[in-house]
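Here, each number is a calculation from the coordinates, and none is a lab measurement. What you see is a predicted model, and the numbers here were worked out from it, not measured in a lab. So basically every Cβ, Gly included, is an ideal-geometry build from the backbone, and we count neighbours across all protein chains shown.
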Amino acid sequence: MLVVAVVGMAGAGKSEVSRIFENKGYARIRFGDVTDDELRKVNLPLNEENERRMRESLRRHHGMEAYATLNLPKIDLLIKDCHVVVDGLYSWEEYVSLSKYYGRGFRVALVWSSPATRYARLAKRIVRPLTMEEAYSRDVAEILNLNKGGPIAMADFTIVNEGSLEDLERECRSAISTFERQL
């Protein structure tokens with residue numbers, strides 16, 4: 001079986017790519033659900049400031065591989081029956097942890113969009129919209145504090161998301177075909 005981690009900056013289209021993989025038969029795990037669940041436990045609203053604090057707190061408490069560690073039981077359960085797509089792997093340590101654990105069954109798909117495209121998308125988001133300043137600040141924080149650049153640099157396949165949904169689906173089909181052929 002195969003575990004595909006989807007990486008990219010905020011607004012690149014990671015969740016949309018993960019949904020396309022899910023529609024092709026992959027079980028989907030969203031790493032960000034851990035953040036949302038923890039914020040709900042402490043009755044804090046879902047917003048950029050609280051999410052950032054929680055992500056960084058979880059990593060201080062569990063290490064930089066926190067999201068991989070906390071989601072490993074879910075991945076292991078799902079991978080028994082089908083391929084798994086992980087929506088939102090962030091840190092280098094998460095990449096290393098999953099890469100070691102799943103070996104040849106682990107792949108990384110980078111979703112790339114220009115900052116201008118991403119920031120426009122983030123401003124229009126219904127859930128958790130971001131201003132251009134908030135989006136840029138998030139980019140900087142994720143690169144500097146969460147070691148996000150490493151998994152992006154090590155991606156096995158790049159999906160460019162600058163066009164239509166049909167273009168994105170075509171790119172995803174190509175990624176899926178490539179990954180499954182490599183098994």
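Here the peptides 4-10, 161-167 are ranked by packing, the mean other Cβ count within 10 Å, and the order with the highest first is 4-10, 161-167.
Quick one: which of 13-26, 67-80, 122-135 comes out on top by average Cβ neighbours within 10 Å, and what's the full order, highest first? Present the calculation step by step, with values, prior to reporting the outcome.
Working: 13-26: 19.4, 67-80: 16.6, 122-135: 13.6.
The peptides rank, most packed first, as 13-26, 67-80, 122-135.
Relative to the current alpha-carbon distance between Ile126 and Asp76, full extension at 0.36 nm per residue lengthens the span by 14.8 nm. Give the shape of the chain as rounded, prolate or oblate, defined through the alpha-carbon gyration tensor: a ≥ b ≥ c are the square roots of its eigenvalues, a/c under 1.5 means rounded, and otherwise the shape is prolate if a/b is larger than b/c and oblate if not. Since a/c reaches 1.5 but b/c is at least a/b, the shape of the chain is classed as oblate.
Extending 7 Å from Cα along the Cβ direction at Leu183 and again at Ser164 yields two label points whose distance is 3.1 nm. Of the residues Ile159, Thr117, Ser99, the one whose Cα sits farthest toward the positive end of the charge dipole of the chain, with +1 on the Cβ of Lys and Arg and -1 on the Cβ of Asp and Glu, is Ser99. In order along region 94-104, the Karplus-derived 3J(HN,Hα) couplings, from 6.51 cos²θ - 1.76 cosθ + 1.60 at θ = phi - 60°, round to 5, 4, 4, 4, 5, 5, 5, 5, 9, x, 5 Hz, and Gly and Pro are given as x.
The count of lysine pairs in the chain with alpha-carbon distances below 29 Å, taking only pairs 8 or more places apart or on different chains, stands at 21.
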